[in-house]
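Throughout, read-outs are computed from the coordinates displayed, never taken from laboratory work. Note that the coordinates shown come from a computational prediction; the quantities given were computed from them, not determined experimentally. Glycine also receives a Cβ, built like all others from the backbone with ideal geometry; neighbour counts cover every protein chain displayed.
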Amino acid sequence: MTSEAAKKHVAVLMGGFSSERPVSLASGNPCADALERAGYRVTRVDVGQDIAAVLTDLKPDVAFNALHGPFGEDGTIQGVLEYLGIPYTHSGVTASALAMDKRLSKIVAKGVGIPVAESKVMNRHDIGSSHPMAPPYVVKPVREGSSFGVVMVQENQSHPPQILASSEWHYGDEVMVERYIAGRELTCTVMGDVALAVTEIVPQGHNFYDYDSKYVAGGSKHVCPAEISPIVYQKIRQLALKAHQAIGCRGVSRSDFRYDDRFSENGEVIWLEINTQPGMTPTSLAPEMALQAGHSFEEFVSWMVENASCRR
């Protein structure tokens with residue numbers, strides 16, 4: 001136990017009330033366990049509508065943000081923490097809001113020269129019976145994470161996904177229709193101002209890196225470091241850091257890419273999105289990349305606590 005750790009009371013914020021509540025609990029508890037092992041005094045907080053009052057009574061030195069989805073990573077909880085004056089981990093209000101909005105984050109990324117896929121934002125009810133762009137393409141909610149609501153449209157599909165007009169759709173009316181990029185799924189974590197390893201994600205028994213691929217044991221295979229050319233490897237690290245900085249992220253973020261190497265080794269690299277609250281579950285990518293860079297899980301989460309601040 002370090003003297004710095006022993007002095008700090010950390011509130012680990014988890015759970016919440018978004019569709020990603022189970023993911024947040026699966027992230028938050030291992031983080032709380034690791035922080036306790038590192039010597040911090042930890043309180044686990046299942047976030048509800050009364051979070052401001054709970055934190056006012058608790059008076060933690062730092063809030064470790066392990067929330068996912070709306071309220072947790074869209075700038076809302078960050079605004080509450082700023083108002084209360086509690087230093088917190090990960091990105092601040094503006095960067096969190098930008099990153100959570102796929103349309104806005106792509107505008108920022110494209111503006112600094114990061115390659116992005118052709119896309120359009122539409123109301124799901126306006127898509128109708130004809131394709132909004134030539135298939136194959138992907139439809140995704142503008143403001144969700146963990147691949148919730150992502151629908152793949154194959155080249156031979158005769159009409160858009162019927163689920164979009166259904167009452168079973170629970171991810172908002174605004175959706176992004178994006179050109180499907182063939183190839184490999186790659187991701188890179190940024191820690192402070194350093195891009196860590198690049199990992200290739202190989203879904204096992206799934207068409208793409210969906211919810212089950214991410215959070216069910218055996219749902220995907222992670223190849224870290226990715227077995228790609230050194231040129232592409234460094235390019236992805238550079239683009240991940242560039243996106244982190246352009247959007248104004250702090251602490252840890254993770255950028256996702258598609259890499260089409262069907263026609264040449266250096267192929268096409270496309271940035272998909274940035275995640276300001278990367279998962280911290282036993283099957284998550286960011287801790288694996290940190291470990292590959294020499295940071296144990298305890299060191300990784302401790303670094304986040306020591307990096308915490310307001311006005312992020």
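Tabulated data
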| read-out | value |
| --- | --- |
| Net charge contributed by nearby residues that have their C-beta within less than 13 Å of Gly79 (K/R +1, D/E -1) | -1 |
| Acute angle (nearest 10 degrees) that the helix 230-247 long axis makes with the longest principal axis of the chain, alpha-carbon atoms | 60 degrees |
| Gained length - His222 relative to Arg37, 0.36 nm times residue gap less alpha-carbon distance | 63.9 nm |
| Charge sum, other residues only, whose C-beta stays under 13 Å from Glu36's C-beta, Lys/Arg counted +1 and Asp/Glu -1 | +2 |
| Cα-based shape type of the range 3-89, given that a ≥ b ≥ c are square roots of the gyration tensor eigenvalues and the cut on a/c is 1.5 | oblate |
| Rounded to 10°, Cα long-axis angle of helix 297-307 versus longest principal axis of the chain | 80 degrees |
| The chain: relative contact order in percent, alpha carbon pairs under 8 Å with at least 6 residues between | 21 percent |
| Gained length - Ala134 relative to Phe17, 0.36 nm times residue gap less alpha-carbon distance | 38.5 nm |
| Long-range HN-HN contacts of Ser229 with modeled amide H, under 5 Å | none |
